[in-house]
Amino acid sequence: MTTPLPTSLSGLLKRTGLLSDAQIVALLQHTQQTETTLVHAIVSQGFAAEDAFLESLAMVLHLPFVRLGAMTIDSAILEKLPTRVVFQYNVVPYAIENGALLVGTNDPFDTGLVDALRLASGMRVRLALALQNDIASAIKKFYGVGADTMEKLMQDDNRIEVAAEDAMLKTDLSELDQEASIVRFVNQIIWEAYQERATDIHLEPMENQLRIRYRVDGVLHQTPLPSQLIRFQAAIISRIKVMANMDIAEKRLPQDGRIGMRIQGEDIDIRVSTMPTTYGESVSLRLLMRGKEFIGLRQLGLRERDEQIIRKLIEKPNGIILVTGPTGSGKSTSLYAYLHEINTIDQRIITVEDPIEYEMGGINQVNVKAEIGLTFATALRHILRQDPDIIMIGEIRDFETAEIAIRASLTGHLVFSTLHTNDAAGAVTRLLDMGVEPFLVASSLEAVVAQRLVRRLCPDCKRPSTPDRLFLETIGYPVATLDTTPIYEGVGCEKCRQTGFRGRTALYELLQVTEAIEPLILQRSSSNTIKQKAIAHGMRTLRDDGWAKVQEGVTTVEEVLRVSEETD
């Protein structure tokens, strides 16, 4: 049995020593009016920190205060409480002691809680106080995302048989929609990804499981899920396809679609792609924040010299500016930042994209549709008749697109585009390899910005490290700076999911096509020759920019090595 609460709740709160009489009166009135829990009210009103209050309350009530996040809980203990009870009362069973089930809760003032848990478990119950975030993390870790929804589905045998059928009909899915279980589970997956700041969700059918992974800060993380999820694989994938207006009966061919959602007042576009695999359709969802404010040049993470150069370049009346890097290196973000800076009432801006990732007010955006013949090249030919001042091309993929882009720049248009190359100098040789004449490249290309994304160190848990100087010397790190500038590492905390990183920033390499570079282009010099000449004239390589951000405490040596190649 747990210790009974004192008859005077105000007296109990007074004994914690954290609240004044006036605060206690205000709290009790607030909880009566809003029907919120007392602990939540104390924290939300700013009267006390959650951990400090729960520790003091635990002493007053003679209850343990536990940190569930660091625990490993045996599955036999977790099974003592049904999943629905865990979710309904927001509790986690974590141990058995002297025949009693120890259960972590954030709300010890729920008078019927102990009786409900005793009835559900068939055991004596002792409460312990735990942080709300610890409880939420433990529930996700040990029960899996959407576990309560899965349990409800498992209870309905008829629905299970329909949901598991490979040849599911739309009528079957509509029945599930009415019951809302599959709908709710899919929404939970998307909501969880949104909370984790994920950019992608991957549903991957395996032989014995449906694996779901989120890409957070460029790195994939597997999310814990109920073990019985595989039984509802067909229903879950069909639900996503219905949301994306795809053909749910077509499982042999890849499909693409879009989902529009609104989460906490924020509009989100989700690009959906399906691909048939050995054990079923693999589904990838790309989350794009439609209402997201655009990043300006100041927020891109450029060093001051490079930022000033780019500001001058994007004000030019004509020429080509290329942004290069692999998929997922932030090229689109940079291009939108450039356009955002020059998006004024006296400039006509037209973009050709595949697909349109972010909607920007004040510019004309064209979505490529190759299936009806609207390619980059076709769109560009017609765009030139639309009297644009500035053109943005999502990607230069072939000679035809490259030639039209270059001729547009030579006829008085400022052109932005992207290429997939390893470094800035590689963009020059790529254009030449496509068949563009060297004199056209030299006369039209203004600059190339190569970039990579690295994870930012979590500001809440980063600390100075003691690196191996010999190793740093071998990779070209400026070890002379170690005496005055420490290198930091991430420890891991709740705010960064124990990864030590939170958010991303970019490394840049800005190559200007100057009078020193133009002759090398005309001579078809190698990319390495062009790169070395640019370095001699002040260009900082991706790795050099990375070392600068390591010295600033923004990222780590390992992150820089992960995304950049050593300068020849």
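The values are calculated or read from the model by the stated rules, or taken from the named source; none is laboratory data. This one's a predicted model, so the numbers in the text were calculated from it and none came from an experiment. Cβ atoms come from the backbone with ideal geometry, glycine included; neighbour counts cover every protein chain shown. Note: areas computed on protein heavy atoms with side chains; ligands, DNA, RNA excluded. Shrake-Rupley method; radii C 1.70, N 1.55, O 1.52, S 1.80 Å.
Just for region 397-421: of the residues that are more than 21 Å from P317 (Cβ to Cβ) and either touching a Pro at 6+ places or on another chain (Cβ under 8 Å) or β-branched (V, I, T) (or both), which one is modelled with the highest pLDDT?
Per the stated criteria, the residue is T418.
Within region 343-365, how many residues turn out to be over 26 Å from the mean Cα position of the chain (by Cα) and either surrounded by 16 or more Cβ atoms within 10 Å (Cβ to Cβ) or farther than 20 Å from L297 by Cβ (or both)?
Number satisfying all stated conditions: 6.
Please state which one of D306, D267, D247, D256 is part of a loop (DSSP other than H, G, I, E, B) and of a type in the set (D, E).
Answer to the check: D247.
Can you name the residue in region 81-124 that is within 16 Å of T37 (Cα to Cα) and small (G, A, S) and is also most open to solvent (accessible area, probe 1.4 Å) among such residues?
Filtering first and then ranking leaves G112.
How many residues, within region 113-129, are assigned to a helix (DSSP H, G or I) and in contact with a strand residue (DSSP E or B) (Cβ under 6 Å, 6 or more places away or on another chain)?
Final tally of qualifying residues: 4.
Any chance region 465-472 includes a residue that's touching a Phe, Trp or Tyr at 6+ places or on another chain (Cβ under 8 Å) and open to solvent by less than 20 Å² (accessible area, probe 1.4 Å)?
The answer is no; no qualifying residue exists.
Filter region 489-523 for residues that are open to solvent by 50 Å² or more (accessible area, probe 1.4 Å) and on the phi > 0 side of the Ramachandran plot; which is modelled with the highest pLDDT?
Ranking the candidates gives Q498 first.
If T327 satisfies every condition in (1) touching a Pro at 6+ places or on another chain (Cβ under 8 Å); (2) part of a loop (DSSP other than H, G, I, E, B); (3) open to solvent by 70 Å² or more (accessible area, probe 1.4 Å) but one, which is the exception?
Every listed condition holds for T327 apart from (1).
Here are some residues: V441, V448, V428. Which one is under 30 Å from the mean Cα position of the chain (by Cα) and either buried (at least 23 other Cβ atoms within 10 Å of the Cβ) or over 17 Å from I321 (Cβ atoms) (or both)?
V448
Residues that are more than 23 Å from K141 (Cα to Cα): which helices (runs of 4 or more DSSP H) entirely in region 2-91 hold 2 or more of them?
It comes to 9-15, 21-34, 38-44, 50-61.
Among the residues of region 130-143 satisfying the criterion of being in contact with a strand residue (DSSP E or B) (Cβ under 8 Å, 6 or more places away or on another chain) and over 10 Å from N106 (Cα atoms), which is most open to solvent (accessible area, probe 1.4 Å)?
Here the residue is F142.
What is the residue count in region 9-25 for residues that are surrounded by 15 or more Cβ atoms within 10 Å (Cβ to Cβ) and either modelled with pLDDT of 80 or more or more than 19 Å from S56 (Cα to Cα) (or both)?
9
Name the one entry in I390, I321 that is in contact with a Phe, Trp or Tyr (Cβ under 6 Å, 6 or more places away or on another chain), crowded, with 18+ Cβ neighbours inside 10 Å and β-branched (V, I, T).
Of I390, I321, the one residue that is in contact with a Phe, Trp or Tyr (Cβ under 6 Å, 6 or more places away or on another chain), crowded, with 18+ Cβ neighbours inside 10 Å and β-branched (V, I, T) is I321.
If you take the residues in region 34-92 that are under 33 Å from the mean Cα position of the chain (by Cα) and of a type in the set (K, R), which one is nearest to I135 (Cα to Cα)?
Within region 34-92, the match that is nearest to I135 (Cα to Cα) is R67.
If you check L288, L203, which single one turns out to be buried (at least 18 other Cβ atoms within 10 Å of the Cβ), touching a residue at least 12 places away in the same chain (Cβ under 8 Å) and under 20 Å from I356 (Cα atoms)?
Of the residues listed, the single one that is buried (at least 18 other Cβ atoms within 10 Å of the Cβ), touching a residue at least 12 places away in the same chain (Cβ under 8 Å) and under 20 Å from I356 (Cα atoms) is L288.
Answer yes if at least one residue in region 67-82 is in contact (Cβ under 8 Å) with a residue 24 or more places away in the chain and closer than 18 Å to G17 by Cα, and no otherwise.
No, there is no match, as no residue in region 67-82 is in contact (Cβ under 8 Å) with a residue 24 or more places away in the chain and closer than 18 Å to G17 by Cα.
List every residue pair whose Cβ atoms lie under 7 Å apart, where the two residues are 6 or more positions apart in sequence or sit on different chains, the first residue falls within region 185-196 and is in contact (Cβ under 8 Å) with a residue 24 or more places away in the chain and part of a helix (DSSP H, G or I), and the second residue, located anywhere, is crowded, with 21+ Cβ neighbours inside 10 Å and among the charged types (D, E, K, R).
V186/R239
What are the residues in region 245-264 that are open to solvent by 50 Å² or more (accessible area, probe 1.4 Å) and under 24 Å from the mean Cα position of the chain (by Cα), if any?
Across region 245-264, the qualifying residues are D256, R258, G260, R262, Q264.
Report whether or not T277 is open to solvent by less than 10 Å² (accessible area, probe 1.4 Å) and more than 20 Å from the chain's Cα centre (by Cα).
no
Report, by residue number, each residue of region 219-235 that is open to solvent by less than 60 Å² (accessible area, probe 1.4 Å) and either more than 22 Å from the chain's Cα centre (by Cα) or free of Cβ contacts under 8 Å to residues at least 40 places away in the same chain (or both).
L220, P226, Q228, L229, I230, F232, Q233, A234, A235
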